[in-house]
Amino acid sequence: MALVKAGVVVLDCAEPEKLAEFYKALLGARETEATANRVEIRGADGFRMAFRRDVNATPPSWPRPENSLQAHLDFVVEDLDEAERGVVGLGGRPLEAKDAPGPYEERGFADPAGHSFTLRRVAPTAPKQG
C-alpha cells in the first residue's frame, strides 16, 4: 500500500493565477482549487500541478549555471513545431534553438515565470512505411 495518495508538482511564482492560465492552455487542464496564494489544475489524464505565490521567487537561469535548474518538466508531444508555436503563443519562450541529439527529439522552453520545461517527441521504433 502506498504511503502517498497523490502527488502534485508545485511551482513557486509571483503570479500564480497567470501561470495557471499558461499551463491550463498548454495541458488542456481545468482549475480544481484556488486560494489567495495557490492555484491547482488537473489535466484530463489526471496530471496535477499547482502554483504557489512567492513574491520573492527568482526564475531559474538554466541553461546558465548561476541560478540553475530548480525543477524541470517534460511533456510528450506528437508535433514539435506545432507545440512550439502553441507554447510561444501562450507566452512561453524557447531556451534552446535546435533539437538535442539522442533517441528522441526535444526542445527546451521557459514558461512565463521562467520555469524550464521540455517538449519531446519520442522517435518511432519502426521505419516509416510508404
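The values are calculated or read from the model by the stated rules, or taken from the named source; none is laboratory data. Because the structure is predicted, anything quoted here is derived from the model rather than measured. Every residue, glycine as well, gets a Cβ built from its backbone with ideal geometry; the counts of neighbours run over all protein chains shown. Calculation scope for accessible area: heavy atoms of the full protein, side chains included, ligands and nucleic acids excluded. Shrake-Rupley method; radii C 1.70, N 1.55, O 1.52, S 1.80 Å.
The table that follows gives values for the structure above.
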| read-out | value |
| --- | --- |
| Environment charge at residue 56 (Cβ cut-off 14 Å; Lys +1, Arg +1, Asp -1, Glu -1) | -1 |
| Solvent-accessible ranking of 121, 93, 85, largest area first, probe 1.4 Å | 85, 93, 121 |
| Within-9-Å neighbourhood charge of residue 83 [Cβ basis; K, R +1; D, E -1] | -2 |
| Förster radius 25 Å - calculated FRET efficiency between residue 37 and residue 75 (Cβ-Cβ, nearest 0.05) | 0.45 |
